[in-house]
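One structure below.
Any read-out appearing in this document is the output of simple, stated calculations on the displayed coordinates, not a laboratory observation. This one's a predicted model, so the numbers in the text were calculated from it and none came from an experiment. Glycine gets a Cβ as well: all are built from the backbone with ideal geometry, and neighbour counts include every protein chain shown.
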Amino acid sequence: MKNTFFGALYLSLAASIWGGMYVVSKYVLDFVPPFTLVWLRYVIAFVVLFGILKVHQYKTKTSISIGKQDWFLLGWIGFIGYFVSISLQFIGTKLSDAHTGALITSATPAFIILFARFVLNELITLRKAAALLLASIGVIIVIGFDNSGGSSFWGNIVLLGAALTWALLSVYVKVASTRFSVLTITTYAIWFALLFTTPIMLWELHEQPVSFPSMIVVFGILYLGIISTAGAFFLWNKGMEMMDAGIGSLFFFFQPLVGAVFGFLFLHEQMTASFYLGGLLIIIGVFIAVMSPIHHRQSKEGKNYGRSSL
């Protein structure tokens with residue numbers, strides 16, 4: 001019971017931090033260009049995570065052996081996830097708004113179903129297909145059918161790309177996790193993301209100025225690097241360690257909820273009827289995806305009861 005309580009607390013905090021991240025990003029992006037902000041976020045996060053990794057290795061007296069194929073896999077994760085997906089997330093948030101950004105990217109768990117079929121050879125059941133369909137319809141409703149070329153529409157399209165690439169990242173992280181800890185994967189993948197981001201960041205700085213009009217911008221950057229990346233990463237994985245994965249995944253819904261509330265309170269963003277309708281479909285879709293069938297849960301509980309009675 002104690003582990004369940006603290007697990008729920010850690011997962012709620014992590015998802016809430018990610019929800020608030022969109023509001024902070026929206027504010028900071030008015031002064032720092034997207035790729036420069038991504039680069040700064042990863043520099044800070046890498047320093048923090050690398051330090052934690054080395055302290056962990058020192059305490060446990062362990063070392064990491066990484067082969068050539070492993071470096072390629074870590075580089076791919078860094079490219080598709082921490083470079084492409086996060087860059088699209090920041091660009092989309094700048095063009096759209098905070099609450100929509102948090103909502104669209106919350107469809108990621110449903111998209112994982114699709115990529116897991118091709119990468120991990122996992123079957124797409126009727127339940128999974130229904131979840132994917134509902135979440136996809138929800139995203140379309142949130143994005144809207146406006147083809148006038150407005151910045152908000154294209155921002156939503158970019159955010160959809162961020163959700164798709166993050167789902168792809170999640171599948172390849174599962175592949176890599178058979179050899180390495182999630183801390184090791186994230187630390188070195190972020191290192192590769194820094195390498196990919198640096199050339200674009202240097203070009204961007206030449207084209208667009210960076211300004212720090214107040215310490216609020218500096219604190220926002222530190223929040224994105226330390227709290228929403230290194231801190232939330234630790235909290236989320238610690239919480240998932242304490243709880244069943246299917247139940248733990250439901251706490252991801254705190255992200256769009258907090259993103260919407262913070263966007264309304266601090267950025268005065270308006271939430272339309274299509275936002276609520278699309279959001280409801282996404283939540284239903286992801287809920288169906290992460291929940292086990294009733295007969296499967298009953299069977300599992302029966303087995304556990306049988307073991308405990310021996």
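Maximal additional length on extending the LEU277-ILE216 stretch stands at 18.5 nm, based on 0.36 nm per residue less the C-alpha distance. A straight chain from VAL175 to PHE118 at 0.36 nm per residue would run longer than the Cα-Cα distance by 19.3 nm.
Sorting the segments 23-30, 88-95, 217-224 by their residues' average number of neighbouring beta-carbon atoms within 10 angstrom, most packed first, yields 88-95, 23-30, 217-224.
Ranked by the mean number of other Cβ atoms within 10 Å per residue, highest first, peptides 170-177, 43-50, 56-63 order as 43-50, 170-177, 56-63. Each residue of segment 33-50 was assigned a 3J(HN,Hα) from its phi angle through the Karplus curve 6.51 cos²θ - 1.76 cosθ + 1.60 (θ = phi - 60°); the sequence is x, x, 5, 5, 5, 4, 4, 4, 4, 6, 4, 5, 5, 5, 4, 5, 5, 5 Hz, with glycine and proline shown as x.
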